[in-house]
Amino acid sequence: MPAEWIFEDEGYSGASLLRPGLERVRDLAAGGQIEAVLVLSPDRLSRKYAYQVLLTEELARHGVAAVFLRAPRSETPEDQLLLQFQA
């Protein structure tokens, strides 16, 4: 994977939406330049569940899938609860 495809926010809190790497991903999504964002686990996208929902909905509006590598894969209520706990 090319280094320019990896977005990290070293030294920034996941409790904030103002992070350089996250801003670049959001800009790419808004510009229609990406189809999916691979995220290790939900807490890597954001430490706050409300922000996770906001970000995944924003990405979806731009046609970008948020794929959590270490999270439930289905949309059952139980899996959504687990996703919230992971946040």
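The values are calculated or read from the model by the stated rules, or taken from the named source; none is laboratory data. Just so it is clear, the structure is predicted and the values come from calculations on it, not from any experiment. Glycine gets a Cβ as well: all are built from the backbone with ideal geometry, and neighbour counts include every protein chain shown.
So how many residues does the stretch 30-47 have that are out of contact with any strand residue (DSSP E or B) (no Cβ under 9 Å at 6 or more places or on another chain) and either in a helix (DSSP H, G or I) or among the hydroxyl-bearing types (Ser, Thr, Tyr) (or both)? So the count comes out to 3.
Condition check: modelled with pLDDT under 90 and assigned to a helix (DSSP H, G or I). Does Asp27 satisfy that? No, not satisfied. Taking the criterion of being of a type outside the set (Gly, Ala, Ser), exposed (fewer than 15 other Cβ atoms within 10 Å of the Cβ) and modelled with pLDDT under 95, the residues of the stretch 58-75 that qualify are Val67, Leu69, Arg70, Arg73, Glu75. Within the stretch 26-53, the residues that satisfy the criterion of being within 21 Å of Ala71 (Cα to Cα) and without any contact (Cβ under 8 Å) to a residue 24 or more places away in the chain are Ala50, Val53.
It is to be established whether one or more residues within the stretch 1-20 are surrounded by fewer than 15 Cβ atoms within 10 Å (Cβ to Cβ) and basic (Lys, Arg). Within the stretch 1-20, none of the residues are surrounded by fewer than 15 Cβ atoms within 10 Å (Cβ to Cβ) and basic (Lys, Arg).
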